[in-house]
Amino acid sequence: MHTLEQLRSGELSGARRLTLSENLISFPLEILSLKDSLEVLDLSGNQLSELPDALAECRKLRIIFCSENNFTRLPEVLGACPALTMVGFKANRIREVPAAALPANLRWLVLTDNQIETLPDALGHCHQLQKLMLSGNRLEGLPASLANCQRLELVRLAANRLSALPAWLLKLPRLSWLAFAGNPCCEPPRRTEAVTRVPWAELTLGEQLGEGASGRIISANWQQASSLQPVAVKCFKGDMTSDGLPQSEMAAALAAGRHPGLIELVGEIGDHPAGIPALVMALIAPEFSVLSGPPSLDSCTRDIYDPGFALSLPAMLGIAEQVASVAAHLHSRGILHGDLYGHNILHDGRGGALLGDFGAASFYVAGSSSGAALERLEVRAFGCLLEELMAHCQLPVSLRNELTVLMHDCLQEVVTARPDFASVHARLVRMVSSAWGVASTSVGEIVEEESVLTG
């Protein structure tokens, strides 16, 4: 975080990044003193409603954030900034998106939590667009020209007014991560399984384990009649996230059912003192850690792994098998996870894996033609994950070749040509069984045997 005083004093001369949050009402023209160096400008958390035309003089500006301000119109000067590739105006009051406001080289557009009813056809001319985040608006449709954005990989449409998903959307060759819950076209399923009610008074809260956009996770002890059970409690916030609404995430978590690759749902809290929704989940063993970090501003859609990160063969195969298995389970229930990424996977280093975070999950009718396309859309996300897992593991040549074929099948640009998750999982089991010369019903069993043999 920087200060206006630092900027005015010349202390920030030559800076490439600038972050100012001082309840600003007008754009500080002193920012233009950095026009020859500035690449990333963050003016979030102010009260701005306009940007000056002179901003276009910042010839190196690549990224701009103006979230949580008072803009009602996306500034047209953005389209005149020659190097601009990322635009973030979350949580303003934007109603109008002029065609002129769209930079020619736009890769990432964030307009979450605004009041937008329509988008310009010119958005389809942004052929470099990879990420489009529009959750929490008033959209009843999308411009058909977006079908020309063949590089689109991540699209967030949750909490709008869409009565149907456009047919062209599910044919985009690279689309891998999609969220559309909270629209008329996405009705949550009726609950078919009983969920245990956990009284708030029976919980003793401990330390906070983590906090995300949708809520906080806190350790707790659940005192039942004859036992004390360590658990984790997720208390949902009421705020719109970039992925969608917290209540949609909660509905997906409740509908997901049980699977070894999911964090076990213990119950639901219906009497939180603040009246907020909350879930009780099994406490995850301490040996589990997050597989990767989320995408960076530069990587855009691909996760970031720690330098030197490596997986053993059993660990790599165990993660791949478990994630394919849990994805097949979710899609059998008509659930699109929407955020199948390494940064949403916990692993224990020995092949155990848990897929979490239902913040981008959406519902569809299992067995429908659109459902088949939605599943194969997510298969591409698995193909990206498989590519990353293979890049961090030493594999025998023959197994690498077979996994590479599977990866390419998952990444095929013709959506309908990709396998479904049941086929992906079956192929993983067969190829590893063949490679190790054993008969097994799951890669998990083989991984366990191999771990024992290799110590």
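The values are calculated or read from the model by the stated rules, or taken from the named source; none is laboratory data. Please read these numbers as outputs of a predicted model, since none were measured by experiment. Positions of Cβ are backbone-derived with ideal geometry, glycine not excepted, and every protein chain shown enters the neighbour counts.
Residues of segment 224-235 include none that is outside the structural domain of THR416 (by TED's automatic domain parsing), modelled with pLDDT under 90 and within 28 Å of LEU132 (Cα to Cα). Taking segment 9-28 as the range and being closer than 16 Å to LEU43 by Cβ and of a type outside the set (A, V, I, L, M) as the test, the residues that pass are ARG16, ARG17, THR19, SER21, GLU22, ASN23, SER26, PHE27, PRO28. In this entry, GLY136 passes the filter for residues that are farther than 19 Å from ARG380 by Cβ and in contact with an Asp or Glu (Cβ under 8 Å, 6 or more places away or on another chain). Hey, any hits in segment 300-314 for a residue that's modelled with pLDDT under 95, buried (at least 23 other Cβ atoms within 10 Å of the Cβ) and not in a loop (DSSP other than H, G, I, E, B)? Looking through segment 300-314, at least one residue is modelled with pLDDT under 95, buried (at least 23 other Cβ atoms within 10 Å of the Cβ) and not in a loop (DSSP other than H, G, I, E, B).
Within segment 134-150, residues that are at negative phi and touching a residue at least 40 places away in the same chain (Cβ under 8 Å) have Cβ atoms under 8 Å from residues that are of a type outside the set (A, V, I, L, M) and in a loop (DSSP other than H, G, I, E, B) in these pairs: SER135/THR112; SER135/ASP113; SER135/ASN160; SER135/GLY182; SER135/THR241; SER135/SER242; SER135/ASP243; SER135/GLY244, counting only partners at least 6 apart in sequence or on another chain. When CYS58, CYS66 are checked against the criterion of being in the same structural domain as LEU129 (by TED's automatic domain parsing) and in contact with a helix residue (DSSP H, G or I) (Cβ under 9 Å, 6 or more places away or on another chain), CYS58 stands alone in meeting it.
Of the residues SER9, SER26, SER49, the single one that is more than 25 Å from SER296 (Cβ to Cβ), under 31 Å from the mean Cα position of the chain (by Cα), of a type in the set (Gly, Ala, Ser) and surrounded by fewer than 18 Cβ atoms within 10 Å (Cβ to Cβ) is SER49. Inside segment 151-190, residues that are without any contact (Cβ under 8 Å) to a residue 60 or more places away in the chain, within 16 Å of GLY359 (Cα to Cα) and touching an Asp or Glu at 6+ places or on another chain (Cβ under 8 Å) make up a count of 1. Cβ-Cβ distances below 9 Å connect the following pairs, each with a first residue in segment 394-416 that is closer than 23 Å to SER370 by Cα, a second residue that is exposed (fewer than 12 other Cβ atoms within 10 Å of the Cβ), and a separation of six or more residues or different chains: ASP409/ALA417. All told, THR454 meets the bar of being at pLDDT below 95, of a type in the set (Val, Ile, Thr) and surrounded by fewer than 17 Cβ atoms within 10 Å (Cβ to Cβ). Hey, among the residues in segment 336-359 that are of a type in the set (A, V, I, L, M, F, W, C) and at pLDDT 95 or above, which one's farthest from LEU245 (Cα to Cα)? Within segment 336-359, the match that is farthest from LEU245 (Cα to Cα) is ALA353.
If you go through segment 261-285 and keep only what is assigned to a loop (DSSP other than H, G, I, E, B) and either in the same structural domain as ASP357 (by TED's automatic domain parsing) or in contact (Cβ under 8 Å) with a residue 60 or more places away in the chain (or both), you end up with GLY261, ILE263, GLY270, ASP271, HIS272, PRO273, LEU283, ILE284, ALA285.
Being of a type outside the set (Phe, Trp, Tyr) and buried (at least 23 other Cβ atoms within 10 Å of the Cβ) holds for only one residue in ILE284, ILE319, and it is ILE319.
Counting only strands (runs of 3 or more DSSP E) that fall entirely inside segment 131-226 and contain at least 1 residues that are crowded, with 22+ Cβ neighbours inside 10 Å, small (Gly, Ala, Ser) and touching a strand residue (DSSP E or B) at 6+ places or on another chain (Cβ under 8 Å), the qualifying elements are 177-179, 215-223.
Table: residues versus (1) assigned to a loop (DSSP other than H, G, I, E, B); (2) hydrophobic (A, V, I, L, M, F, W, C); (3) assigned by TED's automatic domain parsing to the domain that holds TYR305; (4) touching a Ser or Thr at 6+ places or on another chain (Cβ under 9 Å).
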{"residue": "GLY351", "(1), (2), (3), (4)": "yes, no, yes, yes"}
{"residue": "LEU354", "(1), (2), (3), (4)": "no, yes, yes, no"}
{"residue": "ASP357", "(1), (2), (3), (4)": "yes, no, yes, yes"}
{"residue": "ALA366", "(1), (2), (3), (4)": "yes, yes, yes, yes"}
{"residue": "GLU375", "(1), (2), (3), (4)": "no, no, yes, no"}
{"residue": "ARG380", "(1), (2), (3), (4)": "no, no, yes, yes"}
{"residue": "GLY383", "(1), (2), (3), (4)": "no, no, yes, yes"}
{"residue": "LEU403", "(1), (2), (3), (4)": "no, yes, yes, no"}
{"residue": "HIS408", "(1), (2), (3), (4)": "no, no, yes, no"}
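Can you confirm whether segment 306-316 contains a residue that is under 21 Å from GLY359 (Cβ atoms) and in the same structural domain as ALA372 (by TED's automatic domain parsing)? No, segment 306-316 contains no residue that is under 21 Å from GLY359 (Cβ atoms) and in the same structural domain as ALA372 (by TED's automatic domain parsing). Taken together, the criteria place ASP53 among residues that are assigned by TED's automatic domain parsing to the domain that holds ASP121 and either in contact with a Pro (Cβ under 9 Å, 6 or more places away or on another chain) or over 25 Å from LEU157 (Cα atoms) (or both). Within segment 323-335, no residue satisfies the criterion of being buried (at least 23 other Cβ atoms within 10 Å of the Cβ) and either modelled with pLDDT under 95 or charged (D, E, K, R) (or both).
If I filter segment 426-443 for residues that are within 23 Å of the chain's Cα centre (by Cα) and modelled with pLDDT of 95 or more, do I get at least one hit? No, because not a single residue in segment 426-443 is within 23 Å of the chain's Cα centre (by Cα) and modelled with pLDDT of 95 or more.
For first residues located in segment 205-228 and under 16 Å from ASN344 (Cβ atoms), partners that are modelled with pLDDT of 90 or more and assigned to a loop (DSSP other than H, G, I, E, B) and lie 6+ apart or on another chain with Cβ distances below 6 Å form the pairs SER214/GLY359.
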